[in-house]
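Just below is one structure, and these are the notes that go with it.
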Amino acid sequence: MRKIIDNYPYLILVMWACFLFVPFLGAVHLFDWDEVNFAESAREMLLTGNYQQVQINFSAFTEKPPLFFWLQAASMQIFGITEFAARFPNALVGVITLVFIFSVAKRWYNERFAWLWVLLTTGSLTPHLYFKTGIIDPLYNLFIILSLYQLFLYSLSQKPSHAWLLGLFLGLAIITKGPVAVVIILLCFMVYWAFQKAKLFFKIQHLLYAALSAFLVSAMWFGIETIENGPGFLLAFIAYQVDLFLNPVAGHGQPFWYHPLVLLLGCFPASIIAFPNLLGKISPQEKSPQAQLLFFMRLVFWVVLILFSIVETKIVHYSSLCYLPLSFLAAHFLFQLQSKSIAWKKYQTVLFILVGGLLAFLLITITFIDQIKRFLIPYIQDDFAIASLQVTGAWQGWEFSLGLSLLLALIYVFVQFFRGSIYLSLRGFLLFHSVLIPCLLAALAPRVEQYSQAPAIEFFESLQEKDVYIETLGYKSYAQYFYGKTKAHTNDSAKQIDWLLHGEIDKDVYFSLHVNNTKDHVHPNLTKIGAKGGFVFYKRSVRANRLESIVKP
């Protein structure tokens, strides 16, 4: 087996990536908001044939550029409009990302380092999981990392080709998620320049090459959009990006320490392994490419972490650009550990067992939620949460064994630490964890979803074949459009909630509400038709509306 891996490393790598990232993509419904939002925009592209402007509920959606939606729409053309199709582009991005990091590590270090970086990416929780999602960030982050890598290569050689490629990948990042990519690249550039004591490591004309390349690529979208439809869409898009940076949009304000905690827990075990490498005395003036690459990865990690800790809007995946630098720093530590040029720290053992033990405890406990929820409910103050727990998760009884296997693996690693076999035990744990993560997603996510969004999605799915309007009241969602398979409105008034509630409707209207929103949002002309979990469902009948109109004096 070792000989096969040595002779065909990229073939084995692609097979490993496909084995981890492709299965179970459709095991659970798309999650509100982002996954459903993006999949719905791709679905509407297919229905309307409008691939230039992103839409939601068949109205302009000015928050995101279209590149990722183009990929999702292409996937849906092949696989149908399904969860699998919505997530498949990121599985491919995951394969490409692993091939990229493997080739980088092999070039500057060796194949052993390359496999360590791959295992620390696939064997860490959130870096693995986000290649199995339908969100934009995996593709966006890949383009930014490719841009930053070209900046690193340019710093070594000053070749204009690297400047052109930097701009190419930056332009693709811009039409994937927006101009924040420019901010990230510029910040990394400026910080690197500052550490060079403001000495020029670049030529001005090469900066212009990068800027021109980025402009030409991104103009494939915003240039054509402005020419065809005027600047309105683009101006609204830019205004949203500024608001996102300055204000806690959609209630996503969090404390400054939010992202460090997310990375510590979510990137286990890479976050623990990388800890000693997060800080150090490595200098950008050291001439070896390996030393400069280490410095560059550390720089990217801290620039991104500090930037998104300052940004008012904080969401879990906003710090996902830290994943690859963090797993690189962890791989570098293990590489040094194996060669005995660095020692494993006692506090790493403590953190490894504490964080891993906490995750194992949560994974085991959640499988017994139906048995323990009666003890939790008296301490919960939220009506929606209490109502959600009334649903059963359809647990089969064996799921706790996944969390138990993680706990046993932690115990084994802990014992090996005391036997002095730290490197081999960590490498084995990464292999085990790489396989455990997709199993956790397939086994636990569909059952946990029963307590959250599943009742509402089942309601929306039941309305797919009906010519009706479907909306939510009191909470924001996109699931009603994707899972209700809504079509473009022939009546523009249908996009207005007030008209759906009080106007002269031409179709039946169905509403989903949270149980704790009914007091504020239910109107006399709505009829309750059901409830499940934390959701209550109402209907406004067009027939009843016409009768009301007839009997009015």
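Every number in this text was worked out from the coordinates using simple rules, so none of it is lab data. Given the structure is predicted, the values throughout are model-derived calculations rather than measurements. Cβ atoms come from the backbone with ideal geometry, glycine included; neighbour counts cover every protein chain shown.
Hey, fewest Cβ within 10 Å first, where do Glu63, Glu40 land in order?
Sorted ascending by nearby Cβ count, the order is Glu63, Glu40.
Per DSSP helix of 4 or more residues, -39500 (n - 2.57); summed, then divided by the residues of the chain. What does that give at 222 nm, rounded to the nearest 500?
-20500 deg cm²/dmol
How charged is the neighbourhood of Val54? Take every other residue with its Cβ under 13 Å from the Cβ of Val54, and add Lys/Arg as +1 and Asp/Glu as -1.
Summing Lys/Arg as +1 and Asp/Glu as -1 gives -1.
Within the stretch 314-347, which trypsin sites (Lys or Arg not before Pro) sit in a loop by DSSP and count at most 11 neighbouring Cβ atoms inside 10 Å?
Lys340
What distance in nm separates the simple spin-label points at Ile380 and Val316, each placed 7 Å from Cα in the Cβ direction?
Output for this residue pair reads 1.8 nm.
Kindly provide the chymotrypsin sites (Phe, Trp or Tyr not before Pro) of the stretch 379-440 that DSSP labels as loop, not H, G, I, E or B, and whose Cβ sees at most 15 other Cβ atoms within 10 Å.
Of the chymotrypsin sites (Phe, Trp or Tyr not before Pro), the ones in loops of the stretch 379-440 whose Cβ has at most 15 other Cβ atoms within 10 Å are Trp398.
What Kirkwood Rh does the stretch 456-551 have if only Cα atoms enter the pairwise 1/r average? Answer in Å.
13.6
Compute the relative contact order of the stretch 1-109 as a whole-number percentage, counting only Cα pairs closer than 8 Å that sit 6 or more residues apart in sequence.
30
As a quick test, which of the pairs Lys197/Lys340; Lys476/Lys532; Lys373/Lys528 have an alpha carbon distance above 29 angstrom in this structure?
Cα-Cα > 29 Å for Lys197/Lys340; rest within.
On C-alpha positions alone, give me the angle between the axis of helix 542-551 and the longest principal axis of the chain, in degrees, nearest 10.
For helix 542-551, the angle is close to 40 degrees.
Mean separation of Cα pairs under 8 Å and 6+ residues apart, divided by the residue count of the chain: what relative contact order is that in percent?
So the answer I get is 15 percent.
Please order Trp117, Trp33, Trp70 by the number of other Cβ within 10 Å, starting at the fewest.
Least crowded to most crowded, the residues run Trp33, Trp70, Trp117.
What do you get for the angle between helix 67-79 and the principal long axis of the chain? Use alpha-carbon atoms, 0 to 90 degrees, nearest ten.
The two axes meet at around 70 degrees.
Provide the FRET efficiency to the nearest 0.05 for the Lys487-Glu449 pair, computing r from the beta carbons and using R0 = 25 Å.
0.45
Separation between the Val415 and Lys346 pseudo-spin-labels, each 7 Å from Cα along Cα→Cβ, expressed in nm?
Using points 7 Å along Cα→Cβ, the separation is 2.4 nm.
Would you mind ranking Asp32, Asp137, Asp382, Asp520 so that the residue whose beta carbon has the fewest other beta carbons within 10 Å leads the list?
Asp520, Asp382, Asp32, Asp137
Taking K and R as +1 and D and E as -1, what net charge do the other residues with C-beta under 10 Å from the C-beta of Arg447 add up to?
In short, -3.
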